[in-house]
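Please read the structure below before turning to the comments.
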Amino acid sequence: MLQGTFDTLSFPEVLRLLAQSRKDGGLRVDAGVVATLWFADGRIGAAEGGDLVEPTADRNELFARLVDIGFAVVRSGGGTFRFAADEAAPWRADETIAVGDVLTEIDGLLAQWREIEAVVPSLECRPVLSDELEVESLEVDRELWRLLVRIDGRRTVRDLAHRTRRSVLDLCHALIDLSRAGAVGFAPEVEPAPKPSVRGVGVELEAPYGPGVETPHPGPGAVANGHAPRERGELLRVFSALQD
């Protein structure tokens, strides 16, 4: 098992190294989203994250899911990863996806994100249909109709990408066009519930840890006992050994 932090190796670096190693196994990440990507011969054949645990219907849906997960990880600016060699996926897509294709899409989304967020505040905001158009007419094809009927004021941009099986980048551009036509507005993100408190003082519950518990919590005394994340050089040597 190989594990570390994205402060040492970035998410794109980890994916590229796993692609070069051409090994099978599961990469679990905890950074903006808790997700697992399963590799087969250096390509990605399955992915689960958040409440998306069902098999993908086709390559396009798997690709959109991978971009969504990767974009969340890259934007988080930190987090942890763990690769378990030869860990089998609970399901496998008919067609695997090259790491380079996913990273190219994420790079494109990052490069355009400043322009996108000037209209679409975040992936967690909720598109809402407007009462009236600001244009005389709006051309609606099958793909746009599939999006419009799913805009209900409750689903987030991220939810709509999943439900329409479109990439986040493609969906955001569609929402921008609808917004410019006056067809769509955006409600703010739903505020998270307040943390439990004792006598008015906020208390943050400690994550469980121990045998059989899936959690990044290292347990008491982990650093002192020599379980601190490996340095970059050591991680690179281990990745290099995977190619043997």
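The values are calculated or read from the model by the stated rules, or taken from the named source; none is laboratory data. Because the structure is a prediction, the values reported are computed rather than measured. For neighbour counting, all protein chains shown are included, and Cβ atoms are generated from backbone atoms with ideal geometry for every residue, glycine included.
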Those residues of the stretch 122-151 which are farther than 25 Å from GLN112 by Cα and of a type in the set (Gly, Ala, Ser), in sequence order: SER130, SER137
Subset tally (residues that are without any contact (Cβ under 8 Å) to a residue 40 or more places away in the chain, in contact with a Leu (Cβ under 7 Å, 6 or more places away or on another chain) and in a loop (DSSP other than H, G, I, E, B)) for the stretch 151-193: 2
Residue check for LEU123: touching a strand residue (DSSP E or B) at 6+ places or on another chain (Cβ under 8 Å), of a type in the set (A, V, I, L, M, F, W, C) and not assigned by TED's automatic domain parsing to the domain that holds GLN20: no
LEU160, sole failed condition from (1) within 23 Å of PHE71 (Cβ to Cβ); (2) more than 17 Å from the chain's Cα centre (by Cα): (2)
Those residues of the stretch 63-109 which are under 21 Å from LEU2 (Cβ atoms), among the hydrophobic types (A, V, I, L, M, F, W, C) and in a strand (DSSP E or B), in sequence order: PHE81, PHE83, ALA84, ALA85
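Could we say that THR56 is within 21 Å of ASP170 (Cβ to Cβ) and among the hydroxyl-bearing types (Ser, Thr, Tyr) here? Before the answer, list the steps.
Details: within 21 Å of ASP170 (Cβ to Cβ): yes; among the hydroxyl-bearing types (Ser, Thr, Tyr): yes.
It is true that THR56 is within 21 Å of ASP170 (Cβ to Cβ) and among the hydroxyl-bearing types (Ser, Thr, Tyr).
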Condition met for SER130 (over 24 Å from the mean Cα position of the chain (by Cα), of a type in the set (S, T, N, Q), over 30 Å from PHE39 (Cα atoms) and surrounded by 15 or more Cβ atoms within 10 Å (Cβ to Cβ)): no
So GLU105, is it surrounded by 16 or more Cβ atoms within 10 Å (Cβ to Cβ), farther than 14 Å from VAL29 by Cα and acidic (Asp, Glu): yes
Output for the stretch 37-62, where each listed residue is of a type outside the set (D, E, K, R) and touching a residue at least 40 places away in the same chain (Cβ under 8 Å): TRP38, ALA40, GLY42, ILE44, GLY45, ALA46, LEU52, ALA57, ASN60
